[in-house]
Structures are given as structure tokens and as C-alpha cells.
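J.: Right, I'll just put the structure down here and ask away after.
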Amino acid sequence: MKFDKNFLFGVATSAAQVEGAALEDGRGLSIWDTFARIPGAIADGSLPDPTCDMYHHWKSDIQLMKELNIESYRFSFSWSRILPDGKGRINEKGLDYYKRMIDELHKQGIVPNATIYHWDLPYELEREGGWLNRDIVNWYGEYASLLFKEFGDSVPIWATINEPVATYVGYAMGFFAPGYKNEKYGRQVNHHILFAHGEGVQRFREAGLKDAKIGIVVDIWNHHPLRPDNEEDQRLAEMENEKTYRSYLNPIFRGCYSDKLLHYMEENHCMPQMEPGDMEKISRKIDFFGLNCYNRVVDCADPDLLQNRKREILGGNYLDDGTEFYPKAVYDAAHILHDEYKLDIPIYVTENGLANCKQQVEEDGSIHDTERIQYLNGFLEWIEKAINDGIDIRGYYVWSLLDNWEWCGGHKARYGLVHVDFDTQQRTCKDSAVWYKNKIAEVKKDS
Ligand code: FCB
């Protein structure tokens with residue numbers, strides 16, 4: 001079986017990573033604007049402004065998408081561009097920006113796929129406790145309702161939240177904004193962001209949008225034991241899965257945290273405060289699942305063994321930077337959703353991409369990012385296999401259209417199909433952009 005003719009091939013970005021114009025037209029700051037100013041927080045010291053300045057280049061960038069045969073564009077709204085204080089006062093100029101952009105997408109026949117929250121919390125809300133404050137569920141709900149009112153008729157695909165784990169990383173591990181290192185905070189914000197997701201779904205239903213669907217985007221990095229028969233490795237991998245993606249899938253699809261996670265949180269004194277009824281809201285039925293998938297993780301109780309493994313496979317199953325090339329990760333993730341969670345809604349692969357491969361600009365301006373092509377093609381092959389197994393996958397989005405501002409990786413991690421010169425804002429298609437364009441044309445010709 002081949003990709004269905006309605007299967008959507010897209011590209012993904014997020015507001016904080018591509019828009020720039022952080023201080024223009026009344027936008028309020030986000031936690032990433034402030035976090036990036038902490039010395040040492042960002043690998044190359046860069047700021048999320050101007051990055052690829054899409055705020056001013058949206059029209060030509062959409063034109064570029066069109067030229068590359070892109071069928072759908074996944075983007076996110078900047079909460080603080082629309083509500084500079086996070087709540088209350090509306091910035092009309094912010095709304096206008098997204099109106100212009102969405103209109104242009106329709107004009108070019110590109111399906112908008114919008115994420116309500118992709119990590120860039122308004123700084124003013126962080127000053128009131130951010131995701132630690134349970135009131136955020138209402139703040140988020142008001143913001144979501146405003147978006148449904150303004151854009152509900154023009155955006156057919158909505159995601160409440162992108163990768164809730166990023167909020168955990170920001171409050172428990174410290175290397176994402178806002179930069180706390182506190183496990184109890186991390187578990188609490190995880191609960192609140194799931195609760196906000198449920199609130200978003202409820203508000204979406206209340207808005208009564210007939211031709212649109214709502215879901216959430218979660219990243220699945222499945223952990224595997226390095227030594228499959230070793231009990232310690234097994235336990236490690238299993239627990240990591242519980243603490244990461246399963247801590248979202250269980251509440252969303254089963255309406256509870258697993259016993260293993262509850263036990264862990266009890267033992268480590270990091271049980272979040274919850275109220276009766278929370279889980280009911282979190283597990284409200286959604287219309288699709290957004291799967292972000294980049295790789296798997298291999299765990300081993302003996303760190304030396306892990307190091308050796310990298311050395312042994314280097315040049316074989318590993319990419320240049322030592323990260324593993326394991327495209328079956330997407331097939332495994334689809335099967336976890338289908339077999340274990342009995343998913344009865346479609347999946348969209350909402351992100352997949354590669355930063356760390358050879359991609360220097362040659363003298364003639366070309367960029368031969370061969371490994372990216374190999375990587376993306378590998379994932380697409382495994383997606384096809386999952387579809388052949390009967391799993392309902394409806395779309396695939398490459399992260400990302402453009403090289404952009406990769407959070408704490410700054411401009412060092414270049415994920416784009418299209419190269420960006422951050423001094424001149426010049427865009428240059430890498431080989432992978434041309435490959436993707438041709439791939440889409442080929443698939444659509446045959447379907
Ligand atoms: C994902 C994020 C996205 C980008 C890619 C590389 O986890 O959702 O914003 O950073 O990784």
C-alpha cells in the first residue's frame with residue numbers, strides 16, 4: 001500500500017523559533033526572550049530575535065513552501081503577541097499578523113495546522129508563577145477561546161500543546177525556560193499543562209467548530225534496554241518510559257497516572273496537587289494524536305558499556321555526530337499507540353527531522369545534506385510500514401522548513417530543509433528540500 005492521496009506532507013515551525021520581531025507591534029515578552037539573556041543558557045549566546053524573521057518574511061516563505069510542493073504548514077501562535085500580558089488586553093496587531101498569514105496559506109492551497117502553545121509562555125504569566133499556578137488553566141483557556149473565535153473557521157487542525165515534556169524540562173531540569181531545577185515543580189507543571197490541555201479541548205467543543213479537529217502533540221522517545229536480558233537495564237528503560245511519554249499518554253488516554261509513576265512520585269516527595277475531576281477533563285476525547293518522533297533512547301546501568309556501543313557502531317548505524325540512526329522509532333511509537341493504547345483516532349507525525357549532519361554551503365551555494373535525506377526517507381519508509389499494518393497515519397511534517405532558533409541550541413542546531421543566513425536573511429534550498437519536493441510529487445502522482 002502507498003500513501004493515500006489525502007495524506008498530508010508538511011513542514012513544521014514554532015513562533016518563538018522563527019518569528020523574531022520580539023518587541024514589535026505591541027508583542028509582550030515570552031519566557032524564552034528572558035531566559036535567553038541568562039549568560040550560558042543558550043549554546044551560542046544567540047537570542048530568539050531576529051532568528052529567521054518570519055514576521056516580515058511570511059509571504060515569501062509561504063511562496064517557498066508552495067514551490068516545494070508543501071501541502072500543510074504547522075505553526076504555532078505566540079501567546080504574548082496576541083495577549084501581551086498573557087491575559088486581558090488583546091493586541092489587535094498580533095491577531096492581524098496571523099490573519100494575513102493564514103489567508104495567504106489558503107490562497108496558496110496549503111492547509112494550516114496550528115498549535116496553541118509551543119513553549120513560549122508570556123513572561124507576565126511566569127511572574128505570577130507560570131505553570132506552577134493552577135490559575136494558568138483559566139489563563140490558557142481564555143487564550144484558546146480567543147483563538148477559536150478568531151481562527152476557528154480558517155484553521156482545520158488544532159493542537160492544544162506541543163510536547164508537554166518541555167515544561168517539565170523547564171521547571172525540573174533547568175536547561176529550558178524558565179530554568180528551575182526542581183523535580184516537584186516539574187511534576188506539578190506536568191499536571192497543570194495536561195489539565196490546560198483538557199480545558200482547551202473543552203473550550204474547543206464549546207466553540208462548536210464543525211470543520212475543525214483538535215488534538216495534542218506528544219513526543220515519543222522510547223527507551224530500550226541496551227542488554228535486553230539484563231534486569232537492571234530493563235528496569236531503567238521501563239521507568240524512563242513511565243516518567244516521560246507515558247506520564248502524558250496514561251492521563252490522556254486512560255484518565256490516570258500509572259501505579260509505577262504514582263509510586264515514584266510518592267517515594268520522591270514530588271506528588272503533584274490534583275483535584276477530583278482533573279483526570280476526567282484531561283482525558284476528554286480528542287480527534288487526532290500528534291506524534292513527534294526523532295529517535296529512540298538506549299539505557300544501560302553501566303555507563304562504560306554505553307560509550308563502547310557508540311564507538312563500535314560509529315560509521316555504521318550512527319550519524320556523523322554519534323546519534324543513532326533508528327528510523328524504526330516511528331513505527332515502534334505508532335505501534336505503542338495502536339497496540340497498547342488502542343488508539344481509535346488518526347495519527348499525524350507532526351515533527352521529524354535532523355540537525356546534526358554535514359551541511360556546509362559549497363562555493364556554488366549548494367548544500368549537500370545527504371544524511372538528512374537518508375534520515376527523512378528512512379522514517380517515511382517506516383511510516384509506510386505502520387500504515388500497511390493498518391495504523392491510521394494521515395500526515396507527516398518535517399521539522400523544519402527553515403534553519404531557525406533551536407532553543408538552548410541557539411543557531412548551532414540547523415534543522416532546516418532550507419538554509420538561512422541569519423545576517424542577510426537569505427534562504428537557500430538544501431538538497432533535502434529538493435528531495436522532499438520531488439518525493440511529494442512522486443507520491444502524489446502515484447496515489
Ligand atoms: C522538538 C520541538 C521543536 C524543535 C525540535 C527540534 O522537540 O518541538 O520545537 O525544537 O524538537
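J.: Give the lysines whose C-alpha is closer than 16 Å to that of LYS444, dropping any in the same chain fewer than 8 places away, or say none.
T.: In chain and number order, the partners are LYS2, LYS5, LYS66.
J.: Continuing with the same structure: Quick one: if the Förster radius is 22 Å, what FRET efficiency do ALA441 and LYS59 give, using the C-beta to C-beta distance and rounding to 0.05? Present the calculation step by step, with values, prior to reporting the outcome.
T.: Numbers: r = 23 Å, r/R0 = 1.07.
Step by step, r from the Cβ atoms, then E = 0.40.
J.: To the nearest 20 Debye, how big is the dipole of segment 365-412 about its Cα centre, given +1 on the beta carbon of each Lys and Arg and -1 on that of each Asp and Glu?
T.: Dipole of segment 365-412, to the nearest 20 debye: 100 debye.
J.: Here's something else I'd like to know. With the contact rule set at Cα under 8 Å and sequence spacing of 6 or more, what percent relative contact order holds for the chain? Kindly include the intermediate steps, with their values, before the conclusion.
T.: On the way: 876 pairs, mean separation 82.9, N = 447.
Relative contact order comes out at 19 percent.
J.: Could you calculate the contour length gain from LYS213 to ASN308, that is, 0.36 nm times the residue separation minus the distance between their Cα atoms, to one decimal place in nm?
T.: 29.6 nm
J.: Please report Rg over Rh for segment 75-170, where both radii come from the alpha carbon positions and Rh follows the Kirkwood definition.
T.: Here the Rg-to-Rh quotient is 0.98.
J.: Here's another thing I want to ask about it. Provide ASP278, ASP389 in ascending order of the number of other Cβ atoms located within 10 Å of each residue's Cβ, fewest first.
T.: The most exposed by this proxy come first: ASP389, ASP278.
J.: If the only charges are +1 at each Lys and Arg Cβ and -1 at each Asp and Glu Cβ, what is the size of the charge dipole of the chain around the Cα centre, to the nearest 20 debye? Spell out each step's value before the answer.
T.: On the way: 51 positive and 72 negative charges, 202 e Å.
It comes to approximately 960 debye.
J.: Can you tell me the relative contact order of segment 324-447? Whole percent, Cα pairs under 8 Å, sequence separation 6 or more.
T.: Details: 160 pairs, mean separation 33.4, N = 124.
It rounds to 27 percent for segment 324-447.
J.: Is the C-alpha gyration tensor of segment 1-62 telling us rounded, prolate or oblate? Criteria: a/c under 1.5 is rounded; beyond that, a/b larger than b/c is prolate, otherwise oblate. List each step's numbers first, then the result.
T.: On the way: a/c = 3.12, a/b = 1.91, b/c = 1.63.
The shape class here is prolate.
J.: Please arrange VAL218, VAL361 by counting, for each residue, the other beta carbons lying within 10 Å of its beta carbon, fewest first.
T.: Ascending Cβ contact count within 10 Å gives the list VAL361, VAL218.
J.: Full-extension gain between ASP4 and GLN273, please, as 0.36 nm times their residue separation minus the C-alpha to C-alpha distance.
T.: Values: separation 269, 0.36 × 269 = 96.84 nm, distance 4.47 nm.
Going from the current span to full extension adds 92.4 nm.
J.: Follow-up. Note down the relative contact order for segment 160-300 as a percent, whole number, built from C-alpha pairs under 8 angstrom at least six residues apart.
T.: 32
J.: Report, in order of residue number, the helices in the chain meeting two criteria: a C-alpha extent of 15 Å or more along the helix axis, and a mean Kyte-Doolittle hydropathy of at least 0.0; treat each whole DSSP H run as one helix.
T.: Correct list, ordered by number: 136-151.
J.: Moving to a separate point now. At R0 = 30 Å, how high is the FRET efficiency between ARG205 and GLU266 if r is their beta carbon distance? Nearest 0.05 is fine.
T.: After rounding, the FRET efficiency stands at 0.30.
J.: Then there is this: For VAL434 and GLU92, calculate 0.36 nm times their separation in residues minus their Cα-Cα distance, and state this gained length in nm to one decimal.
T.: Extra length from VAL434 to GLU92 when fully extended: 119.4 nm.
J.: What shape does segment 210-287 have by the C-alpha gyration tensor, where a ≥ b ≥ c are the square roots of the eigenvalues, rounded means a/c under 1.5, and otherwise prolate means a/b greater than b/c and oblate the rest?
T.: Numbers: a/c = 3.48, a/b = 1.49, b/c = 2.34.
Here segment 210-287 falls in the oblate category.
J.: I need LYS5, LYS243, LYS59 ordered by Cβ neighbour count within 10 Å, fewest first.
T.: Details: LYS5 9, LYS243 20, LYS59 13.
In order of increasing Cβ crowding within 10 Å: LYS5, LYS59, LYS243.
J.: Hey, any idea what Rg/Rh is for segment 305-447, computing Rh the Kirkwood way over Cα pairs?
T.: 1.00
J.: Using a basic spin-label model with each label point 7 Å from the Cα along Cα→Cβ, how many nm lie between ASP135 and GLU362?
T.: 5.8
J.: Kindly identify the chain as rounded, prolate or oblate by the Cα gyration tensor criterion: order the square roots of the eigenvalues as a ≥ b ≥ c, call it rounded if a/c is under 1.5, otherwise compare a/b with b/c, prolate if a/b is larger, else oblate.
T.: Numbers: a/c = 1.26, a/b = 1.02, b/c = 1.24.
The shape class here is rounded.
J.: Quick one: dipole size for segment 392-447, taken about the Cα centre, charges +1 on Lys/Arg Cβ and -1 on Asp/Glu Cβ, in debye to the nearest 20.
T.: The calculated dipole for segment 392-447 is roughly 160 debye.
Only the coordinates and a few stated rules stand behind these numbers; no lab work does. Values in this document were obtained by computation on a predicted structure and should not be read as measured data. Cβ coordinates were reconstructed from backbone atoms using ideal geometry, including for glycine residues, and neighbour counts include every protein chain displayed.
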